[in-house]
Amino acid sequence: MMKTNPVSTFTWIPLTVQDEDEDLVPVISAEKEFFYDEDGNEWIDGISSWWTVIHGHRHPKITQAIETQLKSLDHIILAGHVHRPAEMLSKKLLELADNDFEKVFYSDNGSNAVEIALKLAIQYYKNQIIETTEETQNSSNGVPSRESFLIFSSSYHGDSIGSMNVSGLTYFNRIFANLRFPTFETPAPNCFQCRFGKTPDICKTECLDSLEKEILKKKYAGVVIEPLVFGAAGMIFYDRKVLEKIRTLCEKTNTLLILDEVFTGMGRLGKNFAYQLAGVKPDLLAIAKGLTGGSLPLAATLVSKKIYSRFQTKDPFRSFFHAHTMTGNAVSCAAGIASVDLLLSEKDLVPSLQTKLQILMEELQKRLGGKLKNPRVLGAIAAFDWPEEIAEDEYLNPVGKEIRNQLKKNFVLLRPLGRTIYITPPYTISPVSLEKIFHALYDVLSNLGRRSE
Ligand SMILES: *Cc1c(COP(=O)(O)O)cnc(C)c1O
């Protein structure tokens with residue numbers, strides 16, 4: 001057991017109610033799917049440390065790439081300069097994406113990668129207006145044409161103001177509701193709890209009816225969506241049909257499709273990117289979390305040929321003036337290259353992990369007498385909802401925190417989203433560790449179930 005009960009003195013711990021008692025785990029090292037605390041306890045990282053450490057902690061190939069890179073170049077301003085790690089990673093990402101992408105724009109976190117996509121989308125249309133004389137005002141809402149986005153209620157795109165404003169209005173961003181720029185928010189698809197009582201085989205994408213009406217009525221810059229899985233909003237899965245329909249509507253109305261694969265990208269669903277699983281082509285793509293295998297901050301926005309061509313100009317007014325100081329950091333890029341190479345050389349990991357997760361999930365459901373709601377597995381994601389009818393805001397549902405704290409006693413790190421419990425392990429996790437996670441879950445949930453009866 002833990003001897004110490006450390007709290008932080010100087011560091012503001014994020015996503016934490018500051019005056020609530022919470023024992024922080026003082027971590028000193030990590031390797032593979034494990035991390036170790038000051039008391040020498042071995043923990044299992046069941047969520048890849050916020051979905052980043054896809055190849056396990058401190059993968060030797062990534063560590064090696066970072067060490068090697070540091071011997072020659074640490075960082076150089078990317079304006080006016082270029083370097084091999086940035087160029088090589090861009091080339092690899094474009095190959096991995098296998099789409100009509102032309103350029104890679106770097107930043108250092110997922111929120112920025114999304115925000116860059118938003119800005120590029122808006123400017124893409126502005127540049128067209130400069131080129132031609134398209135009317136610039138939407139008559140009805142007073143917002144200039146194509147400056148606003150169609151978004152989904154159960155979506156999360158980041159915590160910066162721009163990315164927050166294209167996320168669903170939730171507990172996370174309600175304080176800043178007055179800062180929201182105009183968007184059109186549609187209730188999100190959810191194929192495990194369809195509002196129309198349909199299953200994917202008989203569905204006519206009724207969940208997109210309001211979006212369809214709107215997109216045909218007004219000119220929007222883009223549709224912003226997390227493909228196939230709404231992650232932070234509760235691991236909500238939806239069918240590829242929905243994406244296909246959105247793509248069709250986008251084409252019909254000349255609206256850009258912006259896919260946020262900060263979570264689903266880099267192999268999480270079994271393909272390099274979720275859109276490849278869905279068979280749908282995005283115009284802009286945001287990548288971050290697994291990009292460097294969790295070793296260093298790095299994000300990228302992939303830009304299609306169609307969009308990039310509108311920025312191929314000598315006119316400064318039509319150029320994209322956006323940069324972050326650490327953009328294209330050479331060490332991060334070297335880590336990214338190693339991470340992409342690992343992804344390519346370990347293609348079978350996620351499909352076999354998916355099979356194992358399915359078996360363990362079924363077993364857990366059976367042992368708990370079918371109590372779990374919507375057990376679901378896709379790629380390296382397993383999730384279910386705990387049947388708790390508390391009218392509390394979903395994320396604040398206290399059962400999540402209780403389950404998290406109980407799991408700590410088994411040295412398993414999971415971080416439920418309200419009553420949605422999910423596992424997003426490193427792709428390299430061993431079968432033994434996976435079984436330990438499910439065993440701990442059974443322990444905790446069977447006790448919880450007994451108490452509530
Ligand atoms: C985590 C996440 C983000 C934000 O990424 P940060 O690196 O935390 O800024 C954006 N979109 C999705 C889908 C995410 O899961």
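The values are calculated or read from the model by the stated rules, or taken from the named source; none is laboratory data. Since the structure is predicted, the reported quantities are computational estimates derived from the model, not experimental observations. Note that we place each Cβ from the backbone using ideal geometry, even for glycine, and neighbour counts take in every protein chain shown. Quick note on the areas: whole protein, heavy atoms, side chains included, nothing else; ligands and nucleic acids left out. Shrake-Rupley method; radii C 1.70, N 1.55, O 1.52, S 1.80 Å.
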If we keep only residues of segment 152-167 that are more than 8 Å from the ligand (Cβ to nearest atom) and farther than 23 Å from E212 by Cβ, then the residue most open to solvent (accessible area, probe 1.4 Å) is I161
Residue by residue through segment 172-189, note down the ones that are within 16 Å of the ligand (Cβ to nearest atom) and part of a loop (DSSP other than H, G, I, E, B).
F172, N173, A188, P189
Flagged in segment 295-315 as within 16 Å of the ligand (Cβ to nearest atom) and open to solvent by 40 Å² or more (accessible area, probe 1.4 Å), in numbering order, are S295, L296, P297
Is there any pair linking a residue in segment 223-252 that is at positive phi to one that is within 11 Å of the ligand (Cβ to nearest atom) and open to solvent by less than 10 Å² (accessible area, probe 1.4 Å), with Cβ under 6 Å and at least six apart or on different chains, and which?
L228/A274
Sort out which residues of segment 217-235 are among the β-branched types (V, I, T) and in contact with an Asp or Glu (Cβ under 9 Å, 6 or more places away or on another chain), and write them in order of number.
V224, I225
All positions within segment 27-77 that are in contact with a Gly (Cβ under 9 Å, 6 or more places away or on another chain), among the aromatic types (F, W, Y) and within 19 Å of A440 (Cβ to Cβ):
F34
Name, by its number, the condition in (1) more than 22 Å from F230 (Cα to Cα); (2) open to solvent by 10 Å² or more (accessible area, probe 1.4 Å); (3) away from the ligand (no atom under 13 Å from the Cβ); (4) touching a residue at least 12 places away in the same chain (Cβ under 8 Å) that does not hold for Q276.
(1)
Counting only residues that are under 30 Å from E147 (Cα atoms) and within 16 Å of the ligand (Cβ to nearest atom), give me the strands (runs of 3 or more DSSP E) lying completely in segment 14-133 with at least 2 of them.
101-107
Looking at segment 392-451 only, could you name the residues that are open to solvent by 30 Å² or more (accessible area, probe 1.4 Å), assigned to a loop (DSSP other than H, G, I, E, B) and either among the β-branched types (V, I, T) or on the phi > 0 side of the Ramachandran plot (or both)?
F411, T428
Among the residues of segment 46-85, the number that are open to solvent by 70 Å² or more (accessible area, probe 1.4 Å) and touching a strand residue (DSSP E or B) at 6+ places or on another chain (Cβ under 6 Å) is 1
In segment 55-81, the residues that are of a type outside the set (V, I, T) and within 27 Å of the chain's Cα centre (by Cα):
H55, G56, H57, R58, H59, P60, K61, Q64, A65, H75, L78
